[in-house]
């Protein structure tokens with residue numbers, strides 16, 4: 001499974017998923033693992049925009065956030081997303 005962090009308006013033009021608790025649940029788990037300042041700086045403005053069989057797309061406001069999350073939190077986010085998807089038995093969902 002591939003995770004793509006996209007800086008809004010540059011690589012992909014999609015809106016956040018509607019009526020989905022998946023990203024909320026992932027963010028709650030992340031909040032428990034990182035300091036409040038890390039969460040506020042790097043995760044707070046992120047949005048889950050795409051889930052399909054091969055990839056997740058998470059949008060963030062800046063290229064700096066995109067790079068930082070990709071380099072430091074990618075594996076953790078993938079693990080948490082997979083857990084949430086398995087709980088909900090979701091195979092495909094687009095925004």
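The values are calculated or read from the model by the stated rules, or taken from the named source; none is laboratory data. Predicted, not measured: the structure shown is a model, and the values here were computed from it. Virtual Cβ from ideal backbone geometry, glycine too; neighbours counted across all protein chains shown.
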Residues of the stretch 36-63 that turn out to be out of contact with any helix residue (DSSP H, G or I) (no Cβ under 6 Å at 6 or more places or on another chain) and at pLDDT below 95, as a count: 17
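Each row is one residue, and each column tells you yes or no for (1) modelled with pLDDT under 85; (2) exposed (fewer than 13 other Cβ atoms within 10 Å of the Cβ); (3) in contact with a helix residue (DSSP H, G or I) (Cβ under 7 Å, 6 or more places away or on another chain).
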{"position": "10", "(1), (2), (3)": "yes, yes, no"}
{"position": "14", "(1), (2), (3)": "yes, no, no"}
{"position": "66", "(1), (2), (3)": "no, no, no"}
{"position": "78", "(1), (2), (3)": "no, no, no"}
{"position": "92", "(1), (2), (3)": "yes, yes, no"}
Hits in the stretch 33-57 - residues which are touching a strand residue (DSSP E or B) at 6+ places or on another chain (Cβ under 9 Å), surrounded by 12 or more Cβ atoms within 10 Å (Cβ to Cβ) and under 17 Å from residue 75 (Cβ atoms): 42, 43, 46, 48, 56, 57
